[in-house]
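Working notes for the structure below.
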Amino acid sequence: MFVIRVCAELNGVKHNVEVGFPAKPNISELAAEVERLFELETWLRGEEESCRRLRVDGFLVFLEGTRRWDALRMMGQVRHRTQLRARCREGKAPAAKTATTPPWRSSANFKLLDSD
């Protein structure tokens, strides 16, 4: 199982998921699954208006060595349990905040989690 951790800020609410794939996905497969999971999570939270419009424009990858976020250009940048930040079309988080937000950490597998 190939697991990727993904966070996003949707309508001012921070969301975190761990996404599992049988093998390393390509970027479009990853985006489709993240959209589906975040739409499901926002629907479960009762945020039905936002779940109909969510679209991922791209991802940032957290680079452990530099402790900074960088644009995800290819899946070669992603390893098992890499932390990504989804950039959503609605874009509620400003770019400066996205660049300095530390990654979410958890040992939980495949659970929808809140971040404080």
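Structure summary
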{"item": "Under 5 Å, built H, 5+ apart or other chain: amide partners of residue 82", "result": "5"}
{"item": "Kirkwood hydrodynamic radius of the stretch 1-81, from inverse mean 1/r over distinct Cα pairs, in Å", "result": "13.5 Å"}
{"item": "Approximate spin-label separation residue 43-residue 26, in nm, with each point projected 7 Å along Cα-to-Cβ", "result": "2.6 nm"}
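Rule-based calculations on the coordinates, nothing more; no lab input. Keep in mind that what you see is a predicted model, and the values were worked out from it rather than measured. Because the Cβ atoms are built from the backbone with ideal geometry, glycine has one as well, and the counts that use them run over all protein chains shown.
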